[in-house]
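Chemist: If you scroll down you'll find the structure; I have some questions about it.
The values are calculated or read from the model by the stated rules, or taken from the named source; none is laboratory data. Quick caveat: nothing in here was measured; it's all calculated off a predicted structure. Here Cβ is always computed from backbone atoms with ideal geometry, including for glycine, and neighbour counts include all displayed protein chains.
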Amino acid sequence: MSNPGFFKNIKGKALIQKFVYGAIVFILVLGALEGIYRYGIVDFYRAEWEMLNDSLTKAQLKKREQPIIHVFGDSFTANPLAWLTELKQAYPDTVFVNHAVPGTGIRQALSIARARIKTHDSDGMIYQIYTGNDLTDIRHVTHSPKLSLARKLYWESCNRITFPSLVNYRLGQFYSNVPKKPLDPPAENTDFSTHELQLIASEPDFIPNTVLLKNGREKDFKVLVSGLKTLMKTVKNNAPVYLIVLPHCTQVNSVYRESYQKRGAEFPEEGAFYQNDYPFITALEKEFRLMPSVKILNLLLPLKEAEEKDKITVYRTNDIHLNASGNKIVSDFLIKQIKTH
């Protein structure tokens, strides 16, 4: 007579084996995708590059008859109406190749560079830094009960591997009703973006932590610097490197700080957060002080003066991005600074 328990035990073992095999396959596939993405074996952002660089730039890049400057950044740089357009017009004899991708940071920039640029193959480099999220993209804080489980799991995965950020970026494009060009300037917002609200919920003082390099953000800063030094290996010896540091809007004007405070963000009442040469900048200068070809361009003062002295609004409404006036101020400042370097 057959033993029902015996067959149940066999079926249970078979299910466990299938689960284990499935988990192994999943881990192997994920590891392969991570390696392909991280080391630039496949250029996953080729479509963005094609849209950002016109046919003339591509032709000049192939001929290599003019100096070639590679530009990296996020949505501040991936906008055709932003500062880089005027920089190109100011230097018609220089080829500026735009590698910027919205929502990316140093880890994605390294992947892009590995896929496109050879070692010591560039006549110069511009890397745009943003104090609003360049460190939070390196390490997300996930312990807040205000975050959903899905958000926590996603951010925890991003803290360990880079490929999920690409998946999230593509899904965002897929579900959006706007064209897939990451270049179109957004309409005025009635409230902060979901991402910005999630950053506030997870770490109410994430902006001061970044600006002042405290509460663990100093370690994330080291990761950023290490990545920048690796990225600089694509540049010829002694070729110019410009690190453009764009401030968060709350560093520029109290109006923006009050708007963030209404949504739960926290700021110090006084101290180094309000200085023009704030700790993030001084630490960056210290890291590259022995590299004379590297120049740190701090945009806080010109943007702050435009708001305070000239009464010019430089950021979009309920948006972290610069408006047309802000981009004009940035481009004018950069053109003067690069000419004197």
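Chemist: Against the conditions (1) in contact with a Ser or Thr (Cβ under 7 Å, 6 or more places away or on another chain); (2) assigned to a loop (DSSP other than H, G, I, E, B), where does Arg257 fall short? Just the number, please.
Modeler: For Arg257, the exception is condition (2).
Chemist: Scan (1) over 30 Å from His195 (Cα atoms); (2) crowded, with 21+ Cβ neighbours inside 10 Å for the single condition Glu65 breaks and write down its number.
Modeler: Here Glu65 meets the rest and fails (2).
Chemist: Which one of the conditions (1) in contact with a helix residue (DSSP H, G or I) (Cβ under 6 Å, 6 or more places away or on another chain); (2) in contact (Cβ under 8 Å) with a residue 40 or more places away in the chain; (3) surrounded by fewer than 21 Cβ atoms within 10 Å (Cβ to Cβ) does Phe288 fail to meet, given that it meets all the rest?
Modeler: All conditions are met except number (1).
Chemist: Can you pull out every residue in segment 30-67 that is touching a Phe, Trp or Tyr at 6+ places or on another chain (Cβ under 8 Å) and either free of Cβ contacts under 8 Å to residues at least 24 places away in the same chain or β-branched (Val, Ile, Thr) (or both)?
Modeler: Listed by number, the list holds a single entry, Thr57.
Chemist: In addition: Checking the structure you have, find out if any residue of segment 210-228 is in contact with a Phe, Trp or Tyr (Cβ under 7 Å, 6 or more places away or on another chain), over 24 Å from Gly326 (Cα atoms) and not in a helix (DSSP H, G or I).
Modeler: Yes, because at least one residue in segment 210-228 is in contact with a Phe, Trp or Tyr (Cβ under 7 Å, 6 or more places away or on another chain), over 24 Å from Gly326 (Cα atoms) and not in a helix (DSSP H, G or I).
Chemist: Of the residues that make up segment 298-309, is at least one without any contact (Cβ under 8 Å) to a residue 12 or more places away in the chain and either in the same structural domain as Asp220 (by TED's automatic domain parsing) or surrounded by 17 or more Cβ atoms within 10 Å (Cβ to Cβ) (or both)?
Modeler: yes
Chemist: Moving on to the next point. Being among the aliphatic types (A, V, I, L, M) and assigned to a helix (DSSP H, G or I) is the filter; apply it to segment 145-173 and report the residue that is surrounded by the most Cβ atoms within 10 Å (Cβ to Cβ).
Modeler: The qualifying residue surrounded by the most Cβ atoms within 10 Å (Cβ to Cβ) is Leu166.
Chemist: Kindly provide the set of residues from segment 81-101 that are in contact with a Pro (Cβ under 8 Å, 6 or more places away or on another chain), surrounded by fewer than 17 Cβ atoms within 10 Å (Cβ to Cβ) and of a type in the set (Val, Ile, Thr), ordered by number.
Modeler: Scanning segment 81-101 gives a single hit, Thr94.
Chemist: Given the criteria surrounded by fewer than 16 Cβ atoms within 10 Å (Cβ to Cβ), part of a helix (DSSP H, G or I) and either in contact with a Phe, Trp or Tyr (Cβ under 7 Å, 6 or more places away or on another chain) or not aromatic (Phe, Trp, Tyr) (or both), does Ala115 qualify?
Modeler: Considered against the rule, which asks whether it is surrounded by fewer than 16 Cβ atoms within 10 Å (Cβ to Cβ), part of a helix (DSSP H, G or I) and either in contact with a Phe, Trp or Tyr (Cβ under 7 Å, 6 or more places away or on another chain) or not aromatic (Phe, Trp, Tyr) (or both), Ala115 comes out as no.
Chemist: Applying the selection to segment 192-226, what residues are within 15 Å of His248 (Cβ to Cβ), over 15 Å from the mean Cα position of the chain (by Cα) and polar (S, T, N, Q)?
Modeler: Once the filter is applied, which keeps residues that are within 15 Å of His248 (Cβ to Cβ), over 15 Å from the mean Cα position of the chain (by Cα) and polar (S, T, N, Q), segment 192-226 yields Ser193, Asn209.
Chemist: The conditions are (1) within 22 Å of Ile106 (Cα to Cα); (2) within 20 Å of the chain's Cα centre (by Cα), and Leu290 fails exactly one of them. Which is it?
Modeler: With (1) within 22 Å of Ile106 (Cα to Cα); (2) within 20 Å of the chain's Cα centre (by Cα) applied to Leu290, the lone miss is (2).
Chemist: Let me ask something else about it. Residues Asn318, Asn276, Asn327: which one is at pLDDT 95 or above, in a loop (DSSP other than H, G, I, E, B) and out of contact with any Cys (no Cβ under 6 Å at 6 or more places or on another chain)?
Modeler: Result: Asn276 is the single residue among Asn318, Asn276, Asn327 that is at pLDDT 95 or above, in a loop (DSSP other than H, G, I, E, B) and out of contact with any Cys (no Cβ under 6 Å at 6 or more places or on another chain).
Chemist: Turning to a different aspect of this structure: Glu50: outside the structural domain of His248 (by TED's automatic domain parsing), of a type outside the set (Phe, Trp, Tyr) and under 21 Å from the mean Cα position of the chain (by Cα), yes or no?
Modeler: Taking the combined requirement at face value, the residue does not satisfy it.
Chemist: Still on this model: Residue by residue through segment 307-324, note down the ones that are in contact with a helix residue (DSSP H, G or I) (Cβ under 7 Å, 6 or more places away or on another chain) and either among the acidic types (Asp, Glu) or closer than 18 Å to Leu87 by Cβ (or both).
Modeler: Glu307, Val314, Leu322
Chemist: Further question: Tally up the residues in segment 193-209 that are touching a Ser or Thr at 6+ places or on another chain (Cβ under 8 Å) and not in a helix (DSSP H, G or I), please.
Modeler: Filtering segment 193-209 for residues touching a Ser or Thr at 6+ places or on another chain (Cβ under 8 Å) gives 199, 201-203, 206-207.
The next check asks that each one be not in a helix (DSSP H, G or I); those that pass are 203.
Residues in segment 193-209 being touching a Ser or Thr at 6+ places or on another chain (Cβ under 8 Å) and not in a helix (DSSP H, G or I): 1 in total.
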